[in-house]
1. Can we say GLY54 is assigned to a strand (DSSP E or B) and at pLDDT 90 or above?
2. Given (1) at pLDDT below 90; (2) crowded, with 16+ Cβ neighbours inside 10 Å; (3) within 12 Å of the chain's Cα centre (by Cα), identify the lone condition not met by TYR15.
3. Output the residues belonging to the stretch 30-51 that are touching a residue at least 12 places away in the same chain (Cβ under 8 Å) and part of a loop (DSSP other than H, G, I, E, B).
4. Suppose the filter is of a type in the set (Gly, Ala, Ser) and on the phi > 0 side of the Ramachandran plot; does GLY54 pass it?
5. Would you say ASP66 is acidic (Asp, Glu) and touching a Phe, Trp or Tyr at 6+ places or on another chain (Cβ under 8 Å)?
6. Taking only the stretch 25-47 into account, find how many residues are farther than 17 Å from LYS74 by Cβ and in contact with a helix residue (DSSP H, G or I) (Cβ under 7 Å, 6 or more places away or on another chain).
7. Going residue by residue through the stretch 28-41, is there one that turns out to be surrounded by fewer than 16 Cβ atoms within 10 Å (Cβ to Cβ), small (Gly, Ala, Ser), modelled with pLDDT under 80 and more than 9 Å from the chain's Cα centre (by Cα)?
8. Could you please find all residues in the stretch 57-84 being without any contact (Cβ under 8 Å) to a residue 40 or more places away in the chain, in a strand (DSSP E or B) and over 14 Å from LEU8 (Cα atoms)?
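The values are calculated or read from the model by the stated rules, or taken from the named source; none is laboratory data. In this text the structure is predicted, and so the values were computed from the model without any measurement. All Cβ positions, glycine included, derive from the backbone under ideal geometry; neighbour counts span all protein chains shown.
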Amino acid sequence: MSTAWVKLHGRLAAYYSEQNADIGEDGIPIVFSQEKESVASILSKLHIPVEMVGFIAINGIACAKDAMLADGDKAIIFPHVIGG
């Protein structure tokens, strides 16, 4: 088993919190049986529409939605930002 941590920001955190328990300070622990799992797959498990996501970083490096998370990785995910 592998565990990665996902921290949601902005309206993504509010969207997730409306449906689930509070998000811990380190984020949401995601346990998966494979060696790696895609961010898109994890978003699906969290019931977060991929269209809501604007920026993803894994271990501080910007990446795409098809990037893979491995054991011990930490991801931060932000929604699209609108305004000017």
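1. Details: assigned to a strand (DSSP E or B): yes; at pLDDT 90 or above: yes.
The answer is yes for GLY54.
2. (3)
3. Hits for the stretch 30-51 are SER33, GLN34, GLU35, LEU46, HIS47, ILE48.
4. Here the answer is no, as GLY54 does not meet what is asked.
5. no
6. The total comes to 2.
7. no
8. If the condition is that a residue be without any contact (Cβ under 8 Å) to a residue 40 or more places away in the chain, in a strand (DSSP E or B) and over 14 Å from LEU8 (Cα atoms), then ILE61, ALA62, CYS63, MET68 are the ones that fit.
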